[in-house]
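The values are calculated or read from the model by the stated rules, or taken from the named source; none is laboratory data. It should be emphasised that the depicted structure is a prediction, and the values quoted were computed from it without experimental measurement. Virtual Cβ from ideal backbone geometry, glycine too; neighbours counted across all protein chains shown. These area figures cover heavy atoms from the full protein model, side chains too; ligands, DNA and RNA do not enter into them. Shrake-Rupley method; radii C 1.70, N 1.55, O 1.52, S 1.80 Å.
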Amino acid sequence: MTLIKDRRGAGPLLTRRTFGLLAGAGAATLALPSYLRAQDKPRVVVIGGGAGGATAARYLAKDSDGALDVTLINNTETYTTCFFSNIYLGGYRDLQSITHGYDALVSQYGINKVTGTAVAIDRDAKTVRLEDGTDIAYDRLVVAPGIDIIYDSIAGYSEEAAETAPHAWKGGPQTEILKTRLDALEDGQNIVMVTPPNPYRCPPGPYERVSMMAHVLKAKGYTQSKIFVLDPKETFSKQALFQEGWETHYPGMVEWYGPDVIGEIAGVDVAAGAVETGFDTFEGALLNIIPAQRAGAIAVEADLVNETGFCPIDAASMKSSADENIYVIGDASIAGDMPKSGFSANSQAKVAAMSIRAELTGSSAFPARYANTCWSLIETDDGVKVGAQYEPAEGKITATSTFVSQPGETAELRKETYEESVVWYDSMIADTFGITA
Amino acid sequence: MVKVFITLAAAMLAGLPVPAGAEEKAGAAADVEAYVQRVSELAVDPAYGDYLSSPCTSCHGANAAGGIPAIQGQPAEAIIAALYEYKSEVRENAVMRSVASALSDEDVAALAAHFSQQ
Ligand SMILES: Cc1cc2nc3c(=O)[nH]c(=O)nc-3n(C[C@H](O)[C@H](O)[C@H](O)COP(=O)(O)OP(=O)(O)OC[C@H]3O[C@@H](n4cnc5c(N)ncnc54)[C@H](O)[C@@H]3O)c2cc1C
């Protein structure tokens with residue numbers, strides 16, 4: 001019998017191959033985690049316990065009434081959301097309020113939570129290999145690892161450099177570094193932000209962040225500091241709204257430069273606090289460098305990505321185009337007109353869960369419907385939003401009706417829009433983790 | 001499903017937001033009543049309602065209050081009326097106008113049945 005000791009001391013784990021031996025082991029079997037016990041139930045394994053993966057696990061467990069064995073693998077004990085991390089940066093929330101655990105998914109929904117990193121998928125054997133060597137078998141697999149940062153897409157940048165010049169494009173420690181450095185700035189010290197090329201997680205995110213950093217500087221009464229935004233894109237999400245907001249609330253503080261002015265972003269020198277472009281060198285006491293992105297490493301490792309670095313899917317189900325037993329949701333997927341957002345990931349998870357239940361339990365399959373709204377905060381009570389409804393059409397997820405806030409809206413409407421976002425966050429967390437935020 | 005005629009006043013009583021000036025829209029209330037009556041009579045598949053409701057709960061949590069109302073447990077007729085008023089652009093909210101525009105009458109019936117039974 002091969003028993004593999006879990007390094008985190010969460011109890012013994014073992015490979016499924018050894019299960020036959022253990023089945024006759026009597027009392028020993030009772031001590032096993034449920035995902036290793038006798039299985040006549042179909043097994044669904046979810047890699048990634050973020051906005052997409054946790055929602056998928058919850059809906060699979062909730063709607064199948066115990067008919068499915070659901071295992072959720074996430075590499076951390078708790079999950080700090082990127083959504084509302086800008087609100088944290090702006091000082092409106094603490095980190096605790098955007099950090100959530102998996103206890104309710106385990107206790108109320110019977111989901112097996114495994115804390116560990118999935119390092120490989122054996123698509124023929126239908127097993128997921130964890131970094132400690134454990135294999136977990138699946139009938140259907142949901143891959144929801146989010147994004148990975150492509151550090152070397154910017155010369156001079158690296159994972160190590162990100163300790164000084166954070167990207168803060170993954171939740172948790174990176175966000176804290178950015179907050180600490182932002183709060184330590186003195187009047188007259190500048191921020192240089194490099195924004196990512198498309199496609200990337202949260203299209204309005206960098207510009208909401210600019211707004212929240214400006215809010216912090218303004219609230220401290222700073223008049224000399226500037227935020228330089230160096231963009232490889234000619235236009236950006238909700239541009240008219242953000243630029244109007246910057247002029248209204250933070251006059252003279254934010255300078256945005258597109259590629260027609262700065263040319264290429266030639267590289268960063270983190271020690272010198274400098275970003276070199278085709279036009280000029282920009283210097284700042286705080287560099288926020290957000291490089292290009294691709295699907296999380298496990299999706300690349302399992303060959304689920306195409307040449308774009310993201311995973312093609314079937315728009316009607318979120319099933320991977322590369323493997324009929326695998327679904328890819330969230331930022332890692334190529335979701336047509338849908339932006340890479342937490343709301344999108346949550347919406348895609350529900351379509352995938354419905355499709356998987358239909359395949360494994362014979363429940364009804366309905367035509368896929370998707371939705372997204374991205375709210376952004378520009379200044380206290382000045383909220384804006386963009387969003388759409390989507391359906392599969394023309395071989396991709398296609399927007400059927402879209403909306404966006406308009407420049408010049410009343411302060412009252414902007415406040416209502418912000419208040420919507422606050423309720424959305426709590427509802428979204430309840431919907432994803434089964435808890436009240 | 002019980003047939004009840006609904007007016008904007010009833011929607012107000014049900015706690016659903018009613019836009020300023022909506023009462024003045026001549027004929028709107030009568031249209032709502034006719035729509036509510038017709039849609040209330042449509043047959044619904046509860047499994048479809050369960051699925052269709054899943055995007056709603058991303059914003060309308062059971063404990064929602066303030067910026068987004070909780071819709072769980074609202075009378076079916078109030079939900080149908082509200083969705084009709086978003087479809088016909090009597091109500092203002094941009095997200096809900098977009099949501100409602102994508103819903104067929106059968107969808108509205110399924111959602112109303114689902115949320116009224118929460
Ligand atoms: C600054 C900022 C602001 C944002 N604001 C918003 C917003 O207001 N609204 C909105 O909707 N979205 C927002 N987003 C986007 C949102 O955070 C992402 O789109 C969303 O998190 C994507 O969900 P996901 O499930 O694909 O990935 P994630 O949420 O990143 O979840 C992936 C999880 O899988 C884990 N994981 C990865 N690989 C493995 C592995 N091999 N083994 C085990 N675990 C693994 C990761 O650690 C992580 O916990 C924002 C993002 C940023 C950066």
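Which of the residues in the range A:338-385 lose at least 30 Å² of accessible area when you go from the chain alone to all protein chains together (probe 1.4 Å)?
Buried by 30 Å² or more upon assembly, which counts only protein chains, are A:Phe343, A:Lys350, A:Phe366, A:Arg369, A:Lys385.
In whole angstrom, how far apart do the alpha carbon centroids of the range B:56-75 and the range A:217-266 sit?
36 Å
Any idea of the accessible area per residue across the protein assembly as shown, 1.4 Å probe, to the nearest Å²?
40 Å²
Roughly how many nanometres apart are two label points built 7 Å out from the Cα toward the Cβ at B:Ser101 and A:Val119?
Placing both labels 7 Å along Cα→Cβ, they lie 5.1 nm apart.
How high is the FRET efficiency from A:Asp260 to B:Ser88, r the C-beta distance, R0 35 Å, rounded to 0.05?
Using R0 = 35 Å, I get an efficiency of 0.20.
Using a loss threshold of 40 Å², tell me which positions in the range A:411-437 are less accessible in the complex than in their chain alone. Probe radius 1.4 Å, ligands and nucleic acids ignored.
A:Glu420, A:Val423, A:Ser427
Among A:Met318, A:Met193, A:Met253, which one moves the most in a GNM of chain A with springs linking Cα atoms closer than 10 Å?
Among A:Met318, A:Met193, A:Met253, the largest mean-square fluctuation in the Gaussian network model of chain A belongs to A:Met253.
At a probe size of 1.4 Å, how large is the accessible area of B:Asp45, to the nearest 10 Å²?
Near enough 70 Å² of accessible area.
At R0 = 25 Å, how high is the FRET efficiency between A:Asp381 and A:Ala240 if r is their beta carbon distance? Nearest 0.05 is fine.
0.80
Using alpha-carbon pairs under 8 Å, 6+ residues apart, how would you state the relative contact order of the range A:28-187 in percent? Mind dumping the intermediate values first?
Values: 234 pairs, mean separation 39.9, N = 160.
Result for the range A:28-187 is 25 percent.
Label A:Ala274 and A:Val106 with points 7 Å out from Cα along Cα→Cβ: what is the distance between them in nm?
Simple spin-label model gives 5.1 nm for this pair.
Restricting to lysine pairs 8 or more places apart or on different chains, what number in the range A:154-291 have Cα atoms under 17 Å apart?
Close lysine pairs found across the range A:154-291: 5.
Gaussian network model of chain A, Cα springs within a sub-10 Å range: biggest mean-square fluctuation belongs to which of A:Ala51, A:Ala214, A:Ala332?
A:Ala214
How big is chain A by Rg and Dmax over its Cα atoms, in Å?
Taking only Cα atoms of chain A, I get Rg and Dmax of 22.6, 74 Å.
What total accessible area, in Å², is buried where chains B and A meet, using a 1.4 Å probe and rounding to the nearest 100?
Approximately 2000 Å², summed over both chains.
Before rounding to the nearest 500, sum -39500 (n - 2.57) across all DSSP H runs of length at least 4 in the protein assembly as shown and divide by the residue total; then give [θ] at 222 nm in deg cm²/dmol. Present the calculation step by step, with values, prior to reporting the outcome.
Values: 18 runs with 181 residues, N = 555.
So the calculated ellipticity at 222 nm is -9500 deg cm²/dmol.
Can you work out the Karplus-derived ³J(HN,Hα) for every residue in the range A:400-407? Use 6.51 cos²θ - 1.76 cosθ + 1.60 with θ = phi - 60°, whole Hz, and x for glycine or proline.
9, 8, 10, 8, 8, 4, 10, x
Given contacts defined as C-alpha pairs under 8 Å and at least six residues apart, what's the relative contact order of chain A, whole-number percent?
Values: 927 pairs, mean separation 72.5, N = 437.
For chain A, the relative contact order is 17 percent.
What is the percent carbon and sulfur in the accessible area of the range A:154-291, measuring with a 1.4 Å probe over the protein chains and ignoring ligands?
Of the solvent-accessible surface of the range A:154-291, carbon and sulfur hold 48 percent.
With a point put 7 Å past each Cα toward its Cβ, work out how far B:Gln118 is from A:Glu186 in nm, to one decimal.
With each label placed 7 Å out from Cα toward Cβ, I get 5.3 nm.
Return a whole-number percent for the relative contact order of the range A:164-293, with Cα pairs under 8 Å and 6 or more residues apart as the contact set.
36 percent
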